[in-house]
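Data first, discussion second: the structure below is written as structure tokens.
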Amino acid sequence: MSDRLVLLGSKGGPAIRPGGPWPSSSLLEIGGRNIVVDCGLGVTRGLADAGVSLKALDLIFITHLHSDHVLELGPLIHTAWTAGLATPVTVFGPPGTGLYWQHFTQAMQFDIDIRIVDEGRPDIRNMVSVVEFGEGLVCEEGGLEVSALRVDHPPVTDCFALRFEHAGNSVVFSADTAFFPPLADFARGADILVHEAMLEQGIERLVAKTGNGARLREHLLASHSFAAQAGRIASDAGVKRLVLNHLIPADDAEIGEVDWTTAVRKTWAGDLTIARDGLVVGLSGDQAAAREETA
Ligand SMILES: [Zn+2]
Ligand SMILES: [Zn+2]
């Protein structure tokens, strides 16, 4: 199967609204590995709809512990387990990921114990390894190399951009971050940069809708990037394609793809994809072309 990136959940923030997109999660199929990046609500449904067998769950990376990136980590692994998962899963995440997993299995103890006895399942607690990482090389196996860069997402200090490399292909995820120039070096020459983005004209309406006004606005401005800033990083890094993702706002009827494109074209002239749930971006060789599939 050719390498591909599937944007499973494309919105920023944990809220979901009728008919709207899901919070953050992505699937990266590279070098024969199934890699899940972030596990916001909807990741399990998204993987199934992308045609991935949950039994093939393999590597999971969490950029940071905000709920829109981690809320469905336990439920994803647990659902894969009830679907017949028989091979080990490794979860790479920031400090605190191990505690999350330990508490998740405690919260689900009744169900886990009863399925082991009643259905003869292996113990899920022995099938998952959690590796907590910091900046630098995160893992290197079978030609896959993953490295991390701490980004600027206050008040969260353990938030990491991730770079995946395999056989000359490279994909970089910005994670959640304010405009952070060192990302350009980290993403240098990547085939795809998946960068978070928000749109100025949508912030005020979003703040009014969510109802905690000034504090939310303050958080957004201090901790996230505008689309034009994402474009600046992509241009400075010289990446082949920019994918705008973790969109804020993502479900405002008055904001469409053309608004995102207009904003990012001020700083980025190259290949561009505006994320949508289920959108597939091809990763094969020189034709790194985005192709859309219905999902
Ligand atoms: Zn987020
Ligand atoms: Zn965040």
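The values are calculated or read from the model by the stated rules, or taken from the named source; none is laboratory data. Bear in mind the structure is a predicted one, so any value in this text is a computation, not a measurement. Counting neighbours? That spans all protein chains shown, and the Cβs are built from the backbone with ideal geometry, glycine included. Only protein heavy atoms, including side chains, enter the accessible area calculation; ligands, DNA and RNA are left aside. Shrake-Rupley method; radii C 1.70, N 1.55, O 1.52, S 1.80 Å.
One residue stands out among those in the range 13-26 that are out of contact with any helix residue (DSSP H, G or I) (no Cβ under 6 Å at 6 or more places or on another chain) and either of a type in the set (D, E) or open to solvent by less than 50 Å² (accessible area, probe 1.4 Å) (or both): the one that is farthest from G74 (Cα to Cα), which is G20.
Residues in the range 102-114 that are out of contact with any helix residue (DSSP H, G or I) (no Cβ under 7 Å at 6 or more places or on another chain) and either under 14 Å from T79 (Cα atoms) or of a type outside the set (D, E) (or both): Q102, H103, Q106, A107, Q109, F110, D111, I114. A search for C-beta distances below 7 Å between a residue of the range 70-95 that is without any contact (Cβ under 8 Å) to a residue 60 or more places away in the chain and any residue that is aromatic (F, W, Y), counting only pairs 6+ apart in sequence or on different chains, returns V70/Y100; L73/Y100; G74/W101; G74/F104; V91/W101; F92/F61; F92/F133.
Only one entry of A161, A148 meets the criterion of being away from ligand 2 (no atom under 15 Å from the Cβ), open to solvent by less than 60 Å² (accessible area, probe 1.4 Å) and in contact with a Leu (Cβ under 7 Å, 6 or more places away or on another chain), and that entry is A148. Whether any residue in the range 192-212 is acidic (D, E) and either closer than 26 Å to E145 by Cβ or in contact (Cβ under 8 Å) with a residue 24 or more places away in the chain (or both) is what I want to check. Checking the range 192-212: at least one residue is acidic (D, E) and either closer than 26 Å to E145 by Cβ or in contact (Cβ under 8 Å) with a residue 24 or more places away in the chain (or both). Scanning the range 162-196 for residues that are at positive phi and within 16 Å of ligand 1 (Cβ to nearest atom) gives a single hit, A175. Are there helices (runs of 4 or more DSSP H) fully within the range 117-224 with at least 2 residues that are among the charged types (D, E, K, R) and either more than 20 Å from G98 (Cα to Cα) or within 18 Å of the chain's Cα centre (by Cα) (or both)? List them. Ranges flagged: 200-210, 213-223. Q229 meets each of the listed conditions (1) modelled with pLDDT of 95 or more; (2) open to solvent by less than 50 Å² (accessible area, probe 1.4 Å) apart from (2).
Quickly run through the range 250-282 and pick out the residues that are part of a helix (DSSP H, G or I), surrounded by fewer than 18 Cβ atoms within 10 Å (Cβ to Cβ) and touching a residue at least 12 places away in the same chain (Cβ under 8 Å). Spell out the reasoning first.
So in the range 250-282, the residues part of a helix (DSSP H, G or I) come out as 257-264.
Those left that are additionally surrounded by fewer than 18 Cβ atoms within 10 Å (Cβ to Cβ): 257-259, 261-262.
Within the range 250-282, E257, D259, T261 qualify.
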